[in-house]
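Asks: Supplied in structure tokens, the structure appears directly below.
The values are calculated or read from the model by the stated rules, or taken from the named source; none is laboratory data. In this text, all values refer to a predicted model and were calculated from it rather than measured experimentally. Cβ atoms come from the backbone with ideal geometry, glycine included; neighbour counts cover every protein chain shown.
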Ligand SMILES: [Fe+2]
């Protein structure tokens, strides 16, 4: 039986991808961001998922305003990086997992979630930046460490799905994965956010208090988050903060009890608050969160930088 062992939340700021691609990760501004993901990459190497389900949003790359599916599941064998205006990012083609994706499509659609099935699709920074942050920089001629089932969510044109709908879709994905016959270890990503607004009079808005409360409740009380209406995201987290509903698909795909094994938050990257969390499904008899490697390893820059917050539950 396949199983989802953990969920990863990560921002997908495009400037992070540009910093990787242009060799700027060691510059002080960017080092502050990338150093917060070093332990995450260690965790990912240890966890070694067989497949990643990545919930992300397309930024008018694969889908134009002509056609915007609310939920689009990638069932193809591969997903090339999109040309976002300055050529495709120099990252490997993302390999899909058509068998698992088709199984999820069948299970979830028969559970009355009307996914769009996508058999040909490019993927933009919304997916490839979180992959770099968790898997590291990988030569474009090499391979990502595992295949991916992409799930694109509309958060670019009103109305996006509600947080509750996203959470319940996560539940349906969990059920789908657990009914897949092969023994696969799956990690699910929720990406986007955290608070940011990229245009208009409130451009540059960041709300760290809101972001931290969101991360706290993601671990401990996700039912509080599913009730948040769109207007609250817009008001409190900025117009693009609505991307955070995608994290609720990830959370819904986990069990009720999770162990928060890592968290990182820094402001800003470009004009965005960067948030990151790793939640493992709670295993009875397992050591409490924070006592297993790599959770016990403190972020080495956390104490030195007032704006970098790493908190363990
Ligand atoms: Fe985005």
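Asks: Can you name every residue in the range 1-18 that is within 16 Å of the ligand (Cβ to nearest atom) and buried (at least 22 other Cβ atoms within 10 Å of the Cβ)?
Replies: 9, 10, 11, 12, 13, 16, 17
Asks: Can you tell which of 16, 53 is at pLDDT 95 or above, within 18 Å of residue 6 (Cβ to Cβ) and under 15 Å from the mean Cα position of the chain (by Cα)?
Replies: Residue meeting the stated conditions: 53.
Asks: OK, next. Looking at the range 215-238, is at least one residue in contact with a helix residue (DSSP H, G or I) (Cβ under 6 Å, 6 or more places away or on another chain), free of Cβ contacts under 8 Å to residues at least 40 places away in the same chain and closer than 21 Å to residue 266 by Cβ?
Replies: The answer is yes; a qualifying residue exists.
Asks: Looking at (1) touching a residue at least 12 places away in the same chain (Cβ under 8 Å); (2) within 16 Å of the ligand (Cβ to nearest atom), find the lone condition where residue 85 falls short.
Replies: (1)
Asks: Turning to a different aspect of this structure: Inside the range 1-31, can you point out the residues that are part of a loop (DSSP other than H, G, I, E, B) and out of contact with any strand residue (DSSP E or B) (no Cβ under 9 Å at 6 or more places or on another chain)?
Replies: If the condition is that a residue be part of a loop (DSSP other than H, G, I, E, B) and out of contact with any strand residue (DSSP E or B) (no Cβ under 9 Å at 6 or more places or on another chain), then 1, 22, 23, 24, 25, 26, 27 are the ones that fit.
Asks: Okay, next question. Show the residue pairs that are 6+ apart or on different chains and have beta-carbon atoms under 6 Å apart, the first residue being within the range 152-167 and on the phi < 0 side of the Ramachandran plot and modelled with pLDDT of 95 or more, the second being assigned to a loop (DSSP other than H, G, I, E, B) and more than 15 Å from the ligand (Cβ to nearest atom).
Replies: Listed pairs, sorted by first residue: 154/70; 161/70; 163/228.
Asks: Report yes if some residue within the range 191-212 is surrounded by fewer than 22 Cβ atoms within 10 Å (Cβ to Cβ), without any contact (Cβ under 8 Å) to a residue 24 or more places away in the chain and under 25 Å from residue 263 (Cα atoms); otherwise report no.
Replies: So far as the range 191-212 goes, yes, one or more of its residues are surrounded by fewer than 22 Cβ atoms within 10 Å (Cβ to Cβ), without any contact (Cβ under 8 Å) to a residue 24 or more places away in the chain and under 25 Å from residue 263 (Cα atoms).
Asks: Here's another thing I want to ask about it. Of the residues that sit in the range 151-163 and are within 15 Å of the ligand (Cβ to nearest atom) and out of contact with any strand residue (DSSP E or B) (no Cβ under 8 Å at 6 or more places or on another chain), which one is farthest from residue 17 (Cα to Cα)?
Replies: If we take residues in the range 151-163 being within 15 Å of the ligand (Cβ to nearest atom) and out of contact with any strand residue (DSSP E or B) (no Cβ under 8 Å at 6 or more places or on another chain), then 157 is farthest from residue 17 (Cα to Cα).
Residues are listed down the side, and each one gets a yes or a no for (1) crowded, with 21+ Cβ neighbours inside 10 Å; (2) part of a loop (DSSP other than H, G, I, E, B); (3) more than 16 Å from the ligand (Cβ to nearest atom); (4) at pLDDT below 95:
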{"position": "100", "(1), (2), (3), (4)": "yes, no, yes, no"}
{"position": "103", "(1), (2), (3), (4)": "no, no, yes, no"}
{"position": "132", "(1), (2), (3), (4)": "yes, no, no, no"}
{"position": "142", "(1), (2), (3), (4)": "no, yes, yes, no"}
{"position": "149", "(1), (2), (3), (4)": "yes, no, yes, no"}
{"position": "177", "(1), (2), (3), (4)": "yes, no, yes, no"}
{"position": "180", "(1), (2), (3), (4)": "no, yes, yes, no"}
{"position": "189", "(1), (2), (3), (4)": "yes, no, no, no"}
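Asks: Out of everything in the range 32-74 that is in a strand (DSSP E or B) and surrounded by 23 or more Cβ atoms within 10 Å (Cβ to Cβ), what residue ends up being farthest from the ligand (Cβ to nearest atom)?
Replies: Once the filter is applied, the top-ranked residue is 51.
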